[in-house]
Amino acid sequence: MTHLVCCVSAEEERRVRANDREYNEKFQYASNCIMTSKYNIITFLPVNLFEQFQEVANTYFLFLLILQLIPQISSLSWFTTIVPLALVLSITAVKDATDDYFRHKSDNQVNNRQSQVLIRGSLQNEKWMNVRVGDIIKLENNQFVAADLLLLSSTEPHGLCYIETAELDGETNMKVRQSVSVTSELGDPNNLASFDGEVVCEPPNNKLDRFSGTLYWREKKYSLTNQNMLLRGCVLRNTEACYGLVIFAGPDTKLMQNSGRTKFKRTSIDRLMNTLVLWIFGFLVCMGMILAVGNAGWEKEVGSLFQSYLAWDTPVNNFLFSAFLSFWSYVIILNTVVPISLYVSVEVIRLGHSYFINWDQQMFCSQCNTAAEARTTTLNEELGQVEYIFSDKTGTLTQNIMTFNKCSINGQSYGDLTDPLETQLDFSLFNPLADPDFCFYDDKLLESVKVGDSCTHEFFRLLSLCHTVMSEEKSEGELVYKAQSPDEGALVTAARNFGFVFRSRTPGTITTTEMGRTVTYSLLAILDFNNIRKRMSVIVRNPEGRIRLYCKGADTVLLERLHPCNQEVMSITSDHLNEYAADGLRTLALAYRDLSEDEWEAWSESHRFADKATDCREDRLAAAYEEVEQNMMLLGATAIEDKLQEGVPETIAVLSLANIKIWVLTGDKQETAVNIGYSCKMLTDDMTEVFIISGHTVQSVRQELRRARERMIELSRGSGGGVGKQLHGSPLPPPLPLSNLMDNISGEFALVINGHSLAHALEADMEAEFVSTACACKAVICCRVTPLQKAQVVELIKKRKKAVTLAIGDGANDISMIKSAHIGVGISGQEGIQAVLASDYSFSQFRFLQRLLLVHGRWSYLRMCRFLCYFFYKNFAFTMVHFWFGFFCGFSAQTVYDQYFITLFNIVYTSLPVLAMGIFDQDVPDHRSLEYPKLYEPGQLNLLFNKREFFICIAQGIYTSVVLFFVPYAVLSNATQSNGVPLADYQTFAVTTATALVIVVSVQIVLDTGFWTVFNHVFVWGSLGSYFIIMFALHSQTLFRIFPNQFHFVGSAQSTLLQPVVWLTIALATAICIVPVLAFRFLKLDLKPQLSDTVRYTQLVRQKRRKPPEGRLGARGGSRRSGYAFAHQEGFGELITSGKNMRLSSLALASFASRHSSSWIDTLRRKKHTHTPPSTSGEKTTRLSET
Amino acid sequence: MMASSYSAKDEDGHITVSGPGGGTLRNKKPENTAFKQQRLPAWQPILTAGTVLPAFFIIGLIFIPIGIGLYVTSNNIKEFEIDYTGDDTSSPCYNCAKNFSWNNTKSCTCTIPFQLDQPYESNVFMYYGLSNFYQNHRRYVKSRDDSQLNGNIDSLKVGASSPMASRKKKKPSKECEPYASIDNKPIAPCGAIANSMFNDTLKLFYNDPNGTSVPIPLTSTGIAWWTDKHVKFRNPVGTNSNLTAVFQGTVKPVNWHRPVYELDTDPENNGFINEDFIVWMRTAALPTFRKLYRIIQKKNNMAPTLPRGNYTLVVDYNYPVRSFEGRKRMILSTISWMGGKNPFLGIAYITVGSVCFFLGVVLLVIHHKYGNRNNSANISN
């Protein structure tokens, strides 16, 4: 048993002996200290600089800097490069340092949490980071699990304990963990201290749902599974305390293993920008080559003859070497076409946009006091290009709150809200046990209960008996229900408020208070729910001895099993059911059946027999259930609203008007998912067809997909869509490529695909078919998908459609998809915050998505594009002047401008106006972009900045440079000052060109800026002003007297700018540069206005004729569709009748109910009170008196 | 760039998630300021026909008169140019140009007769022009020591051979190489620019109709920038005010005939502050350039400065340009408020103005015929 060969690098198996630190230390397992920070004070500077110089751009500028130190090459002073480089490096370093500081802080906070460790037989408080593998630690209720533990014992019977794993996998329901029976008996710390079992198990991995290991103790082997494990990140619930043995600690825990390093996301603009920068670099090399060739020619033809006046530099002995040096010299002076400030400016702009997102009041949720947060600052403009949204359902589209909304009893429908002002019913007078949070508006139903309508009574009696809810009574009358699914909780609560209060249960009885009278039924059997049966029943004997079966289930299955005499009620009820379904409500049909004593005896016998069967027990049980659930009498139907988050249908409508396709990926069942699809108007009854893919084999899935496509083509041909025309054109329809054909599908289709079918559809040979089918549909719903599949679907679309994807979700099960999508959005609030932490943006309401995309995303994209266009234009205009000058200065790499001007041009003279435009510009105001979702389209089509736009900018820049060089050339070469001194000297020329350049690019930014805030004014005029002030300062006598060798341009500014000819030249150059641009823009605007231009124009003329977005809202027709959906799981019936969970201690339940805001019980209790903030823990953890 | 997605405080999630709205929690609601909500008041210009078309017309209407004014002014300026390179055998300077040698101590003189058809009123400016001369070459431009020219005595010191000494005593800047020193003696003024200074001497004579040749007085001061003369260029101030003594220990540039302290007899125009030198040191932007050489001051209000008639230009031919196919010119010009003759500016203004005006008309037509400015009514979604 003693393997001393321990592998730190590749651990093959893990051995842990309890209470034996010395033994465990041999293996050097990771401690429980986690470290997510990258630097410390000493390593920061070298490591950070090293990282920064791994960026190509930074290395490039460093290389330039080195080139500039060679005197024969240096065409510019070293400071022209080092000043911007230092600026860039320090800004990035400060940002990195801040980030790391916060990581240090949060690491410390977690590492210093207290936990109780069993050391030498006594419990001692230890910091989390000091917990070692092999320690036994005690956890108390509602504590976070500190490391991955093997559950040893618990205060609950059978060594059970309850955990909530929302942080880990996003599932909100509680999970049960059980210790191995031998250790569960250990109980108290004294026994545990002497426990010396050894665990041999798998090495650390990231599989959350799997664990395999063996416990060796007292010469015996016990196998361990995931059922015995408590993982870090879980929270202990409903359990007073438990003890666990640390198996994996710190970085080895499954939580940390899962949180791995994420890919750094880049936006498509980023990628384009990198390509363009490479191109520009190639362009730069070409320019360098041309000028070097020119230099060779010049030096050979002219320079060699000119040597009497200008000798070659010492190492240069022929024209070729001179050309070689001149190439590098030109690389240095032309490098400003890719200015280093580009990257910094882009970061600054994105940071600004992120702050605007954080500051947006309209994305602030006052109920949960959460503002939207841009967690990454690098993706903003991509928000303006989204084409596909992948959304989680629960907690994202829905609130995961169920409300009893309507019901149909004996052919009479209740709960139709005719008058919206109708007041909420007050149950407290009628029923002291009523849940005050329950809302219902139709007083007819209450009347019917009060007058004692037998059907109504029976209806609610059913609801109070037929369920698997557990109840706790804190004090008399203060009931707390623990339902396994929220729908069930809603039904039982409804019954409670209408006078049929479920009080308590034992394995054999159910006690209710019916209209104030306590009745105890004996529970004879629970015919449990499962997905095939889609119904559950209970058989109870009332105090009078009558045996009755109560059944609730899907209308599709239940209506088939009714007694023929129900025909009339059934037809009315199914009409009601259809109405409810059309409203997107979840429906259940309710029925009962009386059983005689004999029937019961006979059935009970067959049931017992089936129950004991060893083979095919499931099938036999199902058959037995089937046998008794016949000839039932219909009572009515219930309709439960799965409450959508606020504004979901509207948001979806607006987003789809903006041409964004929305896919819902949910772990829910098909019925639930489809139901939500209808209620949030993704699916509508007037859709041409909804395809459901639920095949279990590759073949069937392929076939179903094919059939769907054929149907689509057929239908759209029928409707005379684009495909139809195409096909009619040729006598024999040629086998068009799949994608072509499918792109032209018209008509509204929807696709619903099941998880198991999706698994096949995602296989390599079918994914093309799947994508083309799914993308032809308006709406796609994938149900029963695993977190991995969610990510796969996103990856598939990314790969196949090359479209920008956005994933939005709230649970840990959405993390994979959030991480793999271009943009991940986390809904903060309900299910823990793991999703938020993995996300790039977070906010608390789905409806904020439309503002994030249509307003912030759109603006960001627009601003970034305008910024980039202008930036490239500006730098080409600035730099290319050197190129033209090269032809007149012997290709000697002489710069046109003063070196200080070159240094400051990008970082002082022209940086702020374009930054202000990049941060503040707006083409249309925010409400307009929501009003006209089509405004979003240019982003999706990538119209504002692409290679074409880039070339236009470059061309404009080059044109400007030509004008800026040749106009002064033509004017100044013969001009003189008014005192006769020629103006054609180098310094005058430099000042004239520089001034003209600054003025032209300023006029251009004036043209480009569409939204002149005070900042724009200050920056534009300030930059112009600063140019003149700084120039006069640099050309002043004072500076020259101090450093005569540095400031050659003394006096040039005033001497030049006093000349009218110079100003006339500048004005001329400006006019020649700007007039064509102005004419071109005007023509474009006048002849082919974009939607945004039109909207802007109408804004201007103040024709405020508001037009609401024409949505697909409203239209709903009668459909023959089942609204059944029930978020219920199998197995709880058995647990109840076995009585195993009956000591869900009151304490545990009470505190459970209070702790976690997202738990079902809270949602139930809060129900309609969603507008009040969720209650917190502290105040309600008072223990309940034992009932 | 990689980022770790896990932040340790995550597990604490619920603690940070809000509580019962009690006053204990900070309200995180963003401030409702115009800045943060991006509602800053803003001017939103838009290119409409109402703004763009008038702009074109206005530009046209401003530029055309300016252009006409400039053109007329430029046409009123009189300019005379004569090339005396001596490339051509018929040229009077052919012999001087052909026989040029750097070793000639005696300068070659040639006389070029010319005729002015019009009288030149007011002050007349005399320029020399060079072509194909790359004063804007990078190596040429930087080859000077402004510190030396500004009278810094250290830059005139002997370059020390030992590194210890060189740290204390400066010598002409490295930029001046290879014209920094000869035999370890610093050159004053150093550098390629100074070395290649234009040293032809030009004299003008008016051939009176009665046969006498009258020399025309040429003013050689007032031809440089004020800042150059008074700030940038200063003679080194040594222990005594005698320039010769100050420049003791330096050598003249290789191509020069005289040392820098003998450029002129006038002490205000000698040494580094000699205006011919200053003018030369202000390098030209383009390979063809002219530099102000002398000013012919107007004498009285009655007679023109240069009456029409025959003149003779007498050149002391010292400056070789044939080796690199350069040209030398002498230019006489009068001047206006906008400087010398410059027809391009006027023509350019007239052209741009007309183009603008024409564009305005064309755009107006296009706008009326095809412009489909949507009104709000037909914004389609």
May I ask you to list the residues in the range A:1071-1083 that are more than 7 Å from chain B (Cβ to nearest Cβ) and under 14 Å from A:Asp1008 (Cβ atoms)? A:Cys1073, A:Ile1074, A:Val1077, A:Phe1080
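Filter the range A:284-301 for residues that are among the hydrophobic types (A, V, I, L, M, F, W, C) and surrounded by 18 or more Cβ atoms within 10 Å (Cβ to Cβ) and give the result.
First, pick out the residues of the range A:284-301 that are among the hydrophobic types (A, V, I, L, M, F, W, C): A:284-287, A:289-293, A:296, A:298.
Within the range A:284-301, A:Leu284, A:Met287, A:Leu291, A:Ala292, A:Ala296, A:Trp298 meet the criteria.
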Of the numbered conditions (1) within 14 Å of chain A (Cβ to nearest Cβ); (2) part of a helix (DSSP H, G or I); (3) closer than 25 Å to A:Ser304 by Cα, B:Ala97 fails exactly one; give the number of that condition. (1)
If you check A:Ala893, A:Ala975, which single one turns out to be within 14 Å of chain B (Cβ to nearest Cβ) and touching a strand residue (DSSP E or B) at 6+ places or on another chain (Cβ under 7 Å)? A:Ala975
Enumeration of residues in the range B:329-343 that are surrounded by 20 or more Cβ atoms within 10 Å (Cβ to Cβ) and within 8 Å of chain A (Cβ to nearest Cβ): B:Ser333, B:Ile335, B:Met338, B:Gly339, B:Gly340, B:Lys341, B:Asn342
Scanning the range A:567-599 residue by residue, those surrounded by fewer than 18 Cβ atoms within 10 Å (Cβ to Cβ) and of a type outside the set (D, E, K, R) turn out to be A:Gln567, A:Ser571, A:Ile572, A:Ser596
For a quick check of your reading of the model, give me the residue pairs whose first member lies in the range B:69-84 and is more than 10 Å from B:Thr334 (Cβ to Cβ), whose second is outside any strand (DSSP E or B) and among the aliphatic types (A, V, I, L, M), with beta-carbon atoms closer than 8 Å and at least 6 apart or on different chains. B:Leu70/A:Leu1064; B:Leu70/B:Met338; B:Leu70/B:Leu345; B:Tyr71/B:Ile347; B:Tyr71/B:Ile350; B:Thr73/B:Met338; B:Ser74/B:Met338; B:Ser74/B:Leu345
Hey, which of the strands (runs of 3 or more DSSP E) in the range A:177-283, taking only ones fully inside, have at least 1 residues that are within 14 Å of chain B (Cβ to nearest Cβ) and buried (at least 17 other Cβ atoms within 10 Å of the Cβ)? A:235-237
Being within 14 Å of chain B (Cβ to nearest Cβ), of a type in the set (A, V, I, L, M) and either under 30 Å from B:Thr219 (Cβ atoms) or surrounded by 24 or more Cβ atoms within 10 Å (Cβ to Cβ) (or both) narrows it down to one of A:Ala970, A:Ala996, so name that one. A:Ala996
For the range A:24-41, check the following and say yes or no: at least one residue is away from chain B (no Cβ under 14 Å), more than 34 Å from the chain's Cα centre (by Cα) and of a type in the set (Val, Ile, Thr). no
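Give me the strands (runs of 3 or more DSSP E) completely within the range B:263-369, filtered to those with at least 2 residues that are farther than 22 Å from B:Pro217 by Cβ, ordered by residue number.
Working: elements: B:289-296, B:309-317, B:327-333.
Here the list reads B:327-333.
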Which ranges mark the helices (runs of 4 or more DSSP H) fully within the range A:937-1034 that have 3 or more residues being modelled with pLDDT of 95 or more and closer than 25 Å to B:Gly346 by Cβ? A:947-972, A:986-1008
The listed residue being touching a residue at least 24 places away in the same chain (Cβ under 8 Å), under 28 Å from B:Glu175 (Cβ atoms) and buried (at least 19 other Cβ atoms within 10 Å of the Cβ), out of A:Phe61, A:Phe79: A:Phe61
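This table checks each residue for (1) crowded, with 18+ Cβ neighbours inside 10 Å; (2) within 14 Å of chain B (Cβ to nearest Cβ); (3) hydrophobic (A, V, I, L, M, F, W, C).
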{"position": "A:Ile907", "(1), (2), (3)": "yes, no, yes"}
{"position": "A:Pro913", "(1), (2), (3)": "yes, no, no"}
{"position": "A:Met917", "(1), (2), (3)": "yes, yes, yes"}
{"position": "A:Asp923", "(1), (2), (3)": "yes, yes, no"}
{"position": "A:Ser929", "(1), (2), (3)": "yes, yes, no"}
{"position": "A:Glu949", "(1), (2), (3)": "no, no, no"}
{"position": "A:Tyr959", "(1), (2), (3)": "yes, no, no"}
Say we look at the range A:799-851 and pick out the residues that are modelled with pLDDT under 85 and of a type in the set (Asp, Glu); which of these is nearest to A:Leu351 (Cα to Cα)? A:Asp810
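Tell me, please, whether a residue that is free of Cβ contacts under 8 Å to residues at least 40 places away in the same chain and farther than 17 Å from A:Ser413 by Cα can be found in the range A:521-531.
Filtering the range A:521-531 for residues free of Cβ contacts under 8 Å to residues at least 40 places away in the same chain gives A:522.
Then drop every residue that is not farther than 17 Å from A:Ser413 by Cα, which leaves A:522.
Looking through the range A:521-531, at least one residue is free of Cβ contacts under 8 Å to residues at least 40 places away in the same chain and farther than 17 Å from A:Ser413 by Cα.
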With the condition kept exactly as written, say whether any residue in the range B:316-327 is farther than 30 Å from A:Lys1084 by Cβ, loosely packed, with under 14 Cβ neighbours inside 10 Å, in contact with a helix residue (DSSP H, G or I) (Cβ under 9 Å, 6 or more places away or on another chain) and at pLDDT below 95. yes
Among the residues of the range B:228-248, are any in contact with a strand residue (DSSP E or B) (Cβ under 6 Å, 6 or more places away or on another chain), buried (at least 16 other Cβ atoms within 10 Å of the Cβ) and more than 11 Å from chain A (Cβ to nearest Cβ)? no
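Report yes if some residue within the range A:294-301 is within 19 Å of A:Pro71 (Cβ to Cβ) and modelled with pLDDT of 85 or more; otherwise report no. Give the steps one after another, and end with the answer.
Initially, the range A:294-301 is screened for residues within 19 Å of A:Pro71 (Cβ to Cβ), giving A:295, A:299.
So of that shortlist, the ones also modelled with pLDDT of 85 or more come out as A:295, A:299.
Yes, the range A:294-301 contains a residue that is within 19 Å of A:Pro71 (Cβ to Cβ) and modelled with pLDDT of 85 or more.
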Under 8 Å between Cβ atoms, which residue pairs at least 6 apart in sequence (or on different chains) link something in the range A:1044-1062 that is farther than 20 Å from B:Leu149 by Cβ with a partner that is among the aliphatic types (A, V, I, L, M) and in a loop (DSSP other than H, G, I, E, B)? A:Thr1056/A:Leu983; A:Gln1059/A:Leu983; A:Pro1060/B:Met338; A:Val1061/A:Ala975; A:Val1061/A:Leu983; A:Val1061/B:Met338; A:Val1062/A:Leu983
Considering only residues of the range A:121-176 that are surrounded by fewer than 23 Cβ atoms within 10 Å (Cβ to Cβ) and among the small types (Gly, Ala, Ser), which is modelled with the highest pLDDT? A:Ser122
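If I filter the range A:1061-1077 for residues that are in contact with a strand residue (DSSP E or B) (Cβ under 9 Å, 6 or more places away or on another chain), closer than 17 Å to A:Ala994 by Cβ, modelled with pLDDT of 90 or more and in a helix (DSSP H, G or I), do I get at least one hit?
Quick first cut of the range A:1061-1077, residues in contact with a strand residue (DSSP E or B) (Cβ under 9 Å, 6 or more places away or on another chain) only: A:1061.
From what's left, closer than 17 Å to A:Ala994 by Cβ: A:1061.
Still in the list and also modelled with pLDDT of 90 or more: A:1061.
Still in the running and in a helix (DSSP H, G or I): A:1061.
Yes.
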Filter the range A:319-333 down to residues that are touching a residue at least 12 places away in the same chain (Cβ under 8 Å) and farther than 29 Å from A:Tyr900 by Cβ and give me whichever is surrounded by the fewest Cβ atoms within 10 Å (Cβ to Cβ). A:Leu320
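The values are calculated or read from the model by the stated rules, or taken from the named source; none is laboratory data. Nothing here was measured: the structure is a model prediction, and the numbers come from that model. Don't worry about glycine lacking a Cβ; one is built from the backbone with ideal geometry, like all the others, and counts go over all protein chains shown.
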